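I have placed the structure first, in the form of structure tokens, so that the comments after it can refer back to it.
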Amino acid sequence: MTLQELQNQALQLPIGDRWRLVQSLLSSIQQETLILSPLKTKVDSLAELNPWTQSLIGVVQLGTEEPTESYVDYLEEKYS
């Protein structure tokens, strides 16, 4: 199967299934990236952030639910 065929097949899925596929792919890429790259401490990672973004640390609080799931739910409601 070619990449184009795979893309066309994925586009035939309902939007909710496509978002779950995106989540799965991103999770897979994130895990592979963590395995292939040396581990950094949180402090090192935070130091690389834009200063404006750094200023938000500790100010912006995430809810207890998974932000990605919440966003997917929002998009499903909006486009269904």
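The values are calculated or read from the model by the stated rules, or taken from the named source; none is laboratory data. Small disclaimer: the values here were computed from a predicted structure and weren't measured. All Cβ positions, glycine included, derive from the backbone under ideal geometry; neighbour counts span all protein chains shown. When the accessible area is computed, the model is the full protein with side chains, heavy atoms only, and any ligands, DNA or RNA have been set aside. Shrake-Rupley method; radii C 1.70, N 1.55, O 1.52, S 1.80 Å.
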Of the numbered conditions (1) at pLDDT below 85; (2) of a type in the set (D, E, K, R); (3) surrounded by 10 or more Cβ atoms within 10 Å (Cβ to Cβ), Arg20 satisfies every one except a single condition; which is it?
(1)
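Between Glu32, Glu69, Glu65, which is open to solvent by 70 Å² or more (accessible area, probe 1.4 Å), modelled with pLDDT under 70 and within 15 Å of the chain's Cα centre (by Cα)?
Within the list Glu32, Glu69, Glu65, the selection yields Glu65.
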